[in-house]
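To start, the structure itself, in structure tokens.
The values are calculated or read from the model by the stated rules, or taken from the named source; none is laboratory data. Because the structure is predicted, anything quoted here is derived from the model rather than measured. With ideal geometry, Cβ positions are generated from the backbone for all residues, glycine too; neighbour counts draw on all protein chains shown. Areas reflect the complete protein model, heavy atoms only, side chains present, ligands, DNA and RNA absent. Shrake-Rupley method; radii C 1.70, N 1.55, O 1.52, S 1.80 Å.
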Amino acid sequence: MSMTKVAAIFADSEVYSGKEVTVGGWVRTVRDMKNFGFVELNDGSCFKNLQVVLDTVSLANYAEIASQNVGAALIVTGTVTFTPEAKQPLELKATSIEVEGTSTPEYPLQKKRHSAEFLRTIQHLRPRTNLFSAAFRVRSVAAFAIHEFFQNRGFVYVHTPIITASDCEGAGEMFRVTTLDPENPPRTEDGQIDYSQDFFGKPANLTVSGQLNAENFAMAFGDVYTFGPTFRAENSNTQRHAAEFWMIEPEMAFTDLKGDMDVAEAMIKFVIRRTMERCPDEMDFFNSFVDKGLKERLEHVATAEFGRVTYTEAVEILKEHNDQFAYRVEWGTDLQTEHERYLTEQVFKKPVFVTDYPKEIKAFYMRMNDDGKTVAATDCLVPGIGEIIGGSQREERLDKLEARIRETGMDPQDYWWYCDLRRYGSCKHAGFGLGFERMVMYLTGVSNIRDVLPHPRTVGSADF
């Protein structure tokens with residue numbers, strides 16, 4: 001049986017008008033008027049529902065269809081008809097309807113608004129709601145736009161390891177991967193766990209970043225990017241943190257911090273434009289029911305020239321308003337979300353890159369500036385959310401890199417291969433990381449990261 005997608009019918013309504021089609025989908029609502037009725041059908045191909053008109057004359061099983069519960073799966077054959085005088089532009093006048101799968105009266109999604117908290121308890125069903133249908137379609141379109149942006153610029157897509165022995169961020173917040181028996185692990189003579197008997201022969205973890213591995217390929221291909229899952233065992237149960245999330249991490253050879261920021265700005269604008277072009281119904285929904293200023297804010301970001309300010313300059317600006325913040329700002333402190341939003345929403349009134357942070361609050365691989373106090377790092381801040389991208393020019397000088405590794409309490413020998421890149425044809429290079437879920441949150445106005453992840457993994461929660 002050949003089926004037509006609902007999205008195709010709405011996209012080419014003039015072509016399909018008057019034609020017989022067969023569609024398969026799930027019931028959103030049923031209205032029975034005794035001799036005729038209406039079914040709102042959604043097949044997942046687009047945000048819109050298709051209105052199916054049924055009557056007792058055309059359907060011998062009218063009573064069976066009219067008694068179906070929300071969530072039932074139907075296969076409908078009928079004629080596409082324009083309805084310019086009605087709310088919907090077209091409808092499907094059914095000539096036959098087959099019940100593919102019934103739905104019980106206990107189906108938890110009814111024709112009413114459900115809270116996001118409730119829907120998180122039924123993650124397997126929440127994609128059927130308007131909110132999550134729209135959110136995950138935007139996620140899909142945004143992911144494609146990321147690949148489109150980098151592929152159009154000649155970047156090579158690299159799959160970096162999920163299992164690693166390196167801690168890119170140096171924070172130690174990693175998930176251990178092991179085959180050892182946790183109840184009775186082998187021990188060394190001094191009583192420590194003997195990881196030489198583990199699967200990899202040494203401690204291994206889930207990766208927090210693909211950056212270091214991507215740099216290997218940047219030194220061969222020039223411009224590369226990764227887009228994959230990352231894992232952070234940070235015990236932070238907030239709306240912006242998850243234990244499993246996706247990261248976009250480009251690395252570019254022969255590129256300095258300015259070039260890094262130029263690419264980051266272009267990427268954000270490209271993804272916003274593509275999503276708004278390809279998801280108009282979803283964006284209208286979010287603008288109406290989630291964040292009423294969303295479309296205007298995104299249009300502003302997509303057309304504005306991003307500001308640029310050094311960390312030192314930003315601190316001086318913020319110190320003048322310390323009485324307005326829960327956390328006071330001083331040079332050397334990391335900026336909080338309230339500070340980042342103040343800069344973008346009150347001072348610059350547009351996205352802004354903050355550059356040249358104190359070395360103490362940034363990772364070991366960032367290039368030391370000539371002042372010996374700051375590194376060539378940048379955070380991209382956007383209105384409404386704060387930081388969305390973190391990046392830097394990487395330290396390409398071997399002696400400086402090894403000194404920073406030691407300074408942060410690590411052993412350069414553990415990063416011998418990373419140091420090798422500085423021995424064999426080193427060059428200036430830069431990159432950044434974009435937490436994909438942060439981007440989807442920004443595109444949709446959804447405030448909780450749990451609601452833009454298909455199956456969120458957070459502190460105390462991994463049920464599905």
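Going by what's in this entry, would Ala242 be described as in contact with a strand residue (DSSP E or B) (Cβ under 8 Å, 6 or more places away or on another chain), in a helix (DSSP H, G or I) and open to solvent by less than 60 Å² (accessible area, probe 1.4 Å)? Taking the combined requirement at face value, the residue does not satisfy it. Considering (1) farther than 21 Å from Val440 by Cβ; (2) assigned to a loop (DSSP other than H, G, I, E, B); (3) touching a Ser or Thr at 6+ places or on another chain (Cβ under 8 Å); (4) open to solvent by 30 Å² or more (accessible area, probe 1.4 Å), the lone condition that His114 does not fulfil carries the number (1). So in segment 436-464, with the set limited to residues that are in a loop (DSSP other than H, G, I, E, B) and touching a Phe, Trp or Tyr at 6+ places or on another chain (Cβ under 6 Å), which one is surrounded by the most Cβ atoms within 10 Å (Cβ to Cβ)? Within segment 436-464, the match that is surrounded by the most Cβ atoms within 10 Å (Cβ to Cβ) is Gly445. For segment 99-106, the condition holds for at least one residue, the condition being that it is outside any loop (DSSP other than H, G, I, E, B), in contact (Cβ under 8 Å) with a residue 12 or more places away in the chain and surrounded by 14 or more Cβ atoms within 10 Å (Cβ to Cβ).
Screening Glu360 on (1) touching a helix residue (DSSP H, G or I) at 6+ places or on another chain (Cβ under 9 Å); (2) surrounded by fewer than 21 Cβ atoms within 10 Å (Cβ to Cβ) shows it passes everything except condition (1). When the test is whether a residue is touching a helix residue (DSSP H, G or I) at 6+ places or on another chain (Cβ under 8 Å) and of a type in the set (A, V, I, L, M, F, W, C), Val271 passes it. Selection within segment 5-51: residues that are among the β-branched types (Val, Ile, Thr) and within 30 Å of the chain's Cα centre (by Cα). The member of this set that is farthest from Asn130 (Cα to Cα) is Ile9. Answer yes or no as to whether Ser166 is touching a residue at least 12 places away in the same chain (Cβ under 8 Å), in contact with a Gly (Cβ under 8 Å, 6 or more places away or on another chain) and crowded, with 16+ Cβ neighbours inside 10 Å. Considered against the rule, which asks whether it is touching a residue at least 12 places away in the same chain (Cβ under 8 Å), in contact with a Gly (Cβ under 8 Å, 6 or more places away or on another chain) and crowded, with 16+ Cβ neighbours inside 10 Å, Ser166 comes out as no.
A quick yes/no check of all residues on (1) without any contact (Cβ under 8 Å) to a residue 24 or more places away in the chain; (2) closer than 15 Å to Ile385 by Cα; (3) out of contact with any Pro (no Cβ under 8 Å at 6 or more places or on another chain); (4) surrounded by 14 or more Cβ atoms within 10 Å (Cβ to Cβ):
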| position | (1), (2), (3), (4) |
| --- | --- |
| Ala314 | no, no, yes, yes |
| Asp323 | yes, no, yes, no |
| Trp331 | no, no, no, no |
| Glu340 | no, yes, yes, yes |
| Thr344 | no, yes, no, yes |
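If you go through segment 352-381 and keep only what is out of contact with any Ser or Thr (no Cβ under 6 Å at 6 or more places or on another chain) and of a type in the set (Val, Ile, Thr), you end up with Val354, Ile361, Thr374, Val375. Checking the stated criteria, Met410 turns out not to satisfy the condition of being at pLDDT 95 or above and either part of a loop (DSSP other than H, G, I, E, B) or among the aliphatic types (A, V, I, L, M) (or both).
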